[in-house]
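Scroll down for the structure; my scribbles are underneath it.
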Amino acid sequence: MQRERLLKVLVIGDLGVGKTSIIKRYVHQVYSQHYRATIGVDFALKVLNWDHKTVVRLQLWDIAGQERYGNMTRVYYREAVGALVVFDMTRLSTFQAILKWKGDLDSKVALSNGRSVPAVLLANKCDQWQLGLCPKLPKLESFSREYGFVGWYETSAKDNTNIDAAITCLVKSIMSVE
Ligand code: GTP
Ligand code: MG
């Protein structure tokens with residue numbers, strides 16, 4: 001018999017870092033240069049045949065970057081079991097906001113065993129290396145370990161780099177917490 005798991009996963013990070021683009025790439029295999037800011041929250045669902053006995057229904061909550069200044073995140077975060085925390089490699093301010101997002105997350109939601117929800121760090125827009133990525137970014141390996149991320153990836157929604165890998169890493173981590 002197959003079992004089904006519904007996983008609520010948050011996608012958070014500052015304005016314009018590429019959250020919606022990452023989700024569109026992952027769920028619909030499309031990408032657009034056009035920027036339209038998300039208002040409030042958006043949803044997407046991806047069904048994964050995880051293993052021979054498990055179907056995962058991955059519910060992605062695309063939280064608008066501007067919500068960091070609002071007071072709705074507590075409502076949006078409720079019952080989440082994982083998060084993708086995204087910044088834009090070309091804008092240092094979005095990296096500096098990572099810890100604010102992670103702090104917001106950990107202060108408002110936790111697993112039933114009291115531990116923080118698994119989070120993966122996404123350094124998005126890695127395709128922009130020619131135009132100059134931020135020179136001041138620290139080593140993400142040690143940064144992500146220090147701040148309790150379960151993994152980190154340089155991603156590009158534009159070129160479809162590491163989007164699957166990053167989300168698979170998160171789902172693995174979620175599924176390993178029983
Ligand atoms: P909010 O909804 O305002 O919080 O923004 P968001 O994080 O959802 O950003 P969105 O996905 O709308 O992308 C913002 C802009 O960045 C758009 O113009 C995208 O085309 C562009 N963008 C997103 N991902 C990438 C990427 O991997 N590489 C490049 N070069 N541009 C990207
Ligand atoms: Mg958006």
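The values are calculated or read from the model by the stated rules, or taken from the named source; none is laboratory data. Nothing here was measured: the structure is a model prediction, and the numbers come from that model. Cβ: placed from backbone, ideal geometry, glycine included. Neighbour counts: every protein chain shown. Ligands, DNA and RNA are excluded from the accessible area calculation, which covers all protein heavy atoms including side chains. Shrake-Rupley method; radii C 1.70, N 1.55, O 1.52, S 1.80 Å.
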Filter the range 116-152 for residues that are assigned to a strand (DSSP E or B), of a type outside the set (S, T, N, Q) and open to solvent by less than 40 Å² (accessible area, probe 1.4 Å) and give the result.
-> A119, V120, L121, L122, A123, G151
Here the qualifying pairs (Cβ atoms under 7 Å; residues six or more apart or on different chains; first in the range 15-26 and of a type in the set (V, I, T); second more than 7 Å from ligand 1 (Cβ to nearest atom) and part of a helix (DSSP H, G or I)) come out as V17/T94; I22/I163
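Given the residues V81, V56, V47, V75, which is the only one that is touching a Leu at 6+ places or on another chain (Cβ under 8 Å), over 24 Å from N160 (Cβ atoms), of a type in the set (A, V, I, L, M) and away from ligand 1 (no atom under 16 Å from the Cβ)? Quick ask: steps written out before the conclusion?
On the way: V56 fails: over 24 Å from N160 (Cβ atoms); V47 fails: over 24 Å from N160 (Cβ atoms); V75 fails: touching a Leu at 6+ places or on another chain (Cβ under 8 Å).
From the options V81, V56, V47, V75, the qualifying one is V81.
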Only residues that are within 14 Å of W50 (Cβ to Cβ) and either open to solvent by 10 Å² or more (accessible area, probe 1.4 Å) or in contact with a helix residue (DSSP H, G or I) (Cβ under 9 Å, 6 or more places away or on another chain) (or both): list them for the range 153-173, please.
-> D164, I167, T168, C169, K172, S173
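Would you mind stating whether R145 is more than 16 Å from ligand 2 (Cβ to nearest atom) and in contact (Cβ under 8 Å) with a residue 60 or more places away in the chain?
Numbers: more than 16 Å from ligand 2 (Cβ to nearest atom): yes; in contact (Cβ under 8 Å) with a residue 60 or more places away in the chain: no.
No; evaluated as a whole, the condition is false for this residue.
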Pair list, Cβ under 8 Å, 6 or more apart: the range 76-99 residue closer than 23 Å to T168 by Cβ, other residue of a type in the set (K, R) and open to solvent by 30 Å² or more (accessible area, probe 1.4 Å) = Y77/K108; D88/K125; M89/K125
